[in-house]
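K.L.:
Questions regarding the structure given below will be posed in turn.
The values are calculated or read from the model by the stated rules, or taken from the named source; none is laboratory data. Bear in mind the structure is a predicted one, so any value in this text is a computation, not a measurement. Cβ: placed from backbone, ideal geometry, glycine included. Neighbour counts: every protein chain shown. Ligands, DNA and RNA are excluded from the accessible area calculation, which covers all protein heavy atoms including side chains. Shrake-Rupley method; radii C 1.70, N 1.55, O 1.52, S 1.80 Å.
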Amino acid sequence: MAVMKLWSMLLLMGLLAHASAQMDFFTSIGQMTDLINTEKDLVISLKDYILAEESKLEQIKKWANKLDHLTATATKDPEEYLGHPINAFKLMKRLNTEWNELENLVLKDMSEEFISNLTLQRQYFPTDEDQTGAAKALLRLQDTYNLDTDTISRGNLPGVKCESFLTAEDCFELGKIAYSEADYYHTELWMEQALRQLDDGEESSVDKVSVLDYLSYALYQQGNLNKAVELTKKLLLLDPEHQRANGNLKYFQYILSTEDDNNSSSKEESQPKESSKTAKKKSSVDYVPERKKYEKLCRGEGLKMTPRREKKLFCRYYSGNKNPRYIVGPVKQEDEWDRPRIVRFLDIISNEEIAKIKELAKPRLKRATVHDPMTGKLTTAQYRVSKSAWLSSYEHPVIERINQRIQDLTGLDVSTAEELQIANYGVGGQYEPHFDFGRKDEPDAFKELGTGNRVATWLFYMSDVSAGGATVFPEVGAAVWPRKGTAVFWYNLFKSGEGDYSTRHAACPVLVGNKWVSNKWIHERGQEFRRPCSLSEQD
């Protein structure tokens, strides 16, 4: 008995551990694919349940048809019918036994197996946080790539292979999530889209009254009182008894009348203030200072490479400064940017190696973390939407081989580097502008490692991305696009050890596709003779 209890506890702990590892589905497309298989299994189970119910109803129908025929005959002349002893016996038998059997059949619960499977699978379902995260991702893609709500709703995105669209109910849900975040700008956009689709005759469980209720209040919050009053009146035509709308209308009209009084009493002012009657739409306040530059680069706009500088970018066969492993078989290298110097290595990782890395990493993927400058510790952040895992060279020969390849081609010692980090981006996955190296105001950024600052970054692209997902450098106007099997490399520090602030970069949101990358952060320790120090700060 004690052994059974122990096994039950171990099983429960295993399930809980697995469930906790599956949190934040929206941050990794790779792990979201497991949900497709879960849903497929539930559909099969649901179909089995439907077949069982249909079989049950078919048996009841046959019974009803048989009794309908018998009672039709018996009721014509009950005495003559029961005068036959067999009929009398069968009537007793039916009412005493067979109707009980029918009752048991009707009461039989055919859903037990389906409900049991659903209950089992539910522990791996996404949470409210996942739904909110996926919704915010759509809003982020909308802003970054300048997409209107109709384009997104129709699913008209570049590079899509699977058609999909948003219903009026979906648009309403997006608006509600934006509303719950006090994001009235996106609330307005998506409630307007839901209303358009309802006006076009789309059948939906959402009614216009609910949409207008949210929309009018979102307009009020943005200062567009005239439009808020107009839509509130429209709502009241549909539902004259709507308590909140009646109260809102009185309040909105009171504010408008107060503004009119204030405006009339201050005509002498030479600079008229913007009225809340017709305030313009404004997106929510953002904490990323270079947001506009960053988003333009994500769209392929705002590149600052001049034709004169571009002529100085070359492609070549590279042997890693005559490294013995690459003298006979050099690799392809091309310049992506000049300042900072960013180079790309082509065909540098095979499909087989990529598959093995994904296989090793996928079970370990966890919400990606960033260094907290205040504590020096790793923490999750809303501006980094991905999952990551770390792989050591001793875990598999492929990892050891890749680490050696990086050392051979960069000429840097990777024994003091961080482990190979694998990252998979989620819905609208991104990593907003950041530095890889620790700045002067973060003296303890990598203190625990004891290997100095991050001198350089090596980044493998392990998948193609249909749209979006570029690595951009807002300070210099550079953009590097994912190409499966390639890697890019740049130095984060000058030879003097000073940080190169032009390397501030970001991973643009993935618009369509599944982005896998792996990176190696190489540290200062061990590079004393491989990359000697310089006396010039900017050298």
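K.L.:
Specify which of the listed residues (Val106, Val43) is loosely packed, with under 14 Cβ neighbours inside 10 Å, touching a residue at least 12 places away in the same chain (Cβ under 8 Å) and of a type in the set (A, V, I, L, M, F, W, C).
P.N.:
Val106
K.L.:
Being among the basic types (Lys, Arg) and over 29 Å from Ser55 (Cα atoms), is that true of even one residue in segment 76-92?
P.N.:
yes
K.L.:
For the subset of segment 159-186 comprising residues that are outside any helix (DSSP H, G or I) and among the charged types (D, E, K, R), which member is surrounded by the most Cβ atoms within 10 Å (Cβ to Cβ)? Steps first, please.
P.N.:
The first filter runs over segment 159-186 and keeps only residues outside any helix (DSSP H, G or I), leaving 159-167, 181-183.
Among the residues that remain, those that are also among the charged types (D, E, K, R) are: 161, 163, 181, 183.
Values: Lys161: 7, Glu163: 8, Glu181: 15, Asp183: 20.
Within segment 159-186, the match that is surrounded by the most Cβ atoms within 10 Å (Cβ to Cβ) is Asp183.
K.L.:
So in segment 76-101, with the set limited to residues that are modelled with pLDDT of 90 or more and of a type in the set (Phe, Trp, Tyr), which one is surrounded by the most Cβ atoms within 10 Å (Cβ to Cβ)?
P.N.:
If we take residues in segment 76-101 being modelled with pLDDT of 90 or more and of a type in the set (Phe, Trp, Tyr), then Trp99 is surrounded by the most Cβ atoms within 10 Å (Cβ to Cβ).
To keep it simple, each residue is scored yes or no on (1) open to solvent by 50 Å² or more (accessible area, probe 1.4 Å); (2) outside any loop (DSSP other than H, G, I, E, B); (3) touching a residue at least 24 places away in the same chain (Cβ under 8 Å).
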position: Leu303; (1), (2), (3): yes, no, yes
position: Asp335; (1), (2), (3): no, yes, no
position: Ile354; (1), (2), (3): no, yes, yes
position: Ile357; (1), (2), (3): no, yes, yes
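K.L.:
Cβ contacts < 8 Å: first residue farther than 10 Å from Thr187 by Cα, restricted to segment 209-220; second residue acidic (Asp, Glu), any location; separation 6+ or different chain. Result?
P.N.:
Val209/Asp239
K.L.:
Can you report the number of residues in segment 411-436 which are open to solvent by 20 Å² or more (accessible area, probe 1.4 Å) and polar (S, T, N, Q)?
P.N.:
2
K.L.:
So, of the residues in segment 305-333 that are surrounded by 12 or more Cβ atoms within 10 Å (Cβ to Cβ) and in contact (Cβ under 8 Å) with a residue 60 or more places away in the chain, which turns out to be nearest to Gly485 (Cα to Cα)?
P.N.:
Checking each candidate, the answer is Val331.
K.L.:
Would you confirm, using the coordinates I've provided, whether Leu138 is closer than 30 Å to Leu511 by Cα, touching a residue at least 60 places away in the same chain (Cβ under 8 Å) and not assigned by the TED database to the domain that holds Leu166?
P.N.:
On the way: closer than 30 Å to Leu511 by Cα: yes; touching a residue at least 60 places away in the same chain (Cβ under 8 Å): yes; not assigned by the TED database to the domain that holds Leu166: no.
It is false that Leu138 is closer than 30 Å to Leu511 by Cα, touching a residue at least 60 places away in the same chain (Cβ under 8 Å) and not assigned by the TED database to the domain that holds Leu166.
K.L.:
Tell me whether segment 421-441 contains one or more residues that are closer than 16 Å to Glu336 by Cα and aromatic (Phe, Trp, Tyr).
P.N.:
no
K.L.:
Related question: Say whether the condition of being surrounded by 15 or more Cβ atoms within 10 Å (Cβ to Cβ), modelled with pLDDT under 75, farther than 30 Å from Pro433 by Cα and not aromatic (Phe, Trp, Tyr) is met by at least one residue in segment 253-266.
P.N.:
No, segment 253-266 contains no residue that is surrounded by 15 or more Cβ atoms within 10 Å (Cβ to Cβ), modelled with pLDDT under 75, farther than 30 Å from Pro433 by Cα and not aromatic (Phe, Trp, Tyr).
K.L.:
Look at Lys520 and say whether it is among the basic types (Lys, Arg) and touching a Gly at 6+ places or on another chain (Cβ under 9 Å). Let's see the steps before the verdict.
P.N.:
Values: among the basic types (Lys, Arg): yes; touching a Gly at 6+ places or on another chain (Cβ under 9 Å): no.
Judged against the criteria, Lys520 is not a match.
K.L.:
If you don't mind, another one. Could we say that Lys47 is modelled with pLDDT of 90 or more, under 30 Å from Leu360 (Cα atoms) and among the charged types (D, E, K, R) here?
P.N.:
Numbers: modelled with pLDDT of 90 or more: yes; under 30 Å from Leu360 (Cα atoms): no; among the charged types (D, E, K, R): yes.
Against the criterion (modelled with pLDDT of 90 or more, under 30 Å from Leu360 (Cα atoms) and among the charged types (D, E, K, R)), Lys47 does not qualify.
K.L.:
Just to be sure I understand, how many residues within segment 235-252 are within 17 Å of Val211 (Cβ to Cβ), open to solvent by 100 Å² or more (accessible area, probe 1.4 Å) and of a type in the set (Asp, Glu)?
P.N.:
0
K.L.:
Those residues that are farther than 13 Å from Gly428 by Cβ and not in a helix (DSSP H, G or I), I need them from segment 98-147; list them, please.
P.N.:
Passing the criteria: Lys108, Asp109, Met110, Ser111, Gln123, Tyr124, Phe125, Pro126, Thr127, Asn146.
K.L.:
Tally the residues that are buried (at least 16 other Cβ atoms within 10 Å of the Cβ) and not in a loop (DSSP other than H, G, I, E, B), restricting the search to segment 197-209.
P.N.:
3
K.L.:
Looking at (1) acidic (Asp, Glu); (2) touching a Pro at 6+ places or on another chain (Cβ under 7 Å); (3) under 17 Å from Phe494 (Cβ atoms), which is the only condition Asp436 fails?
P.N.:
(2)
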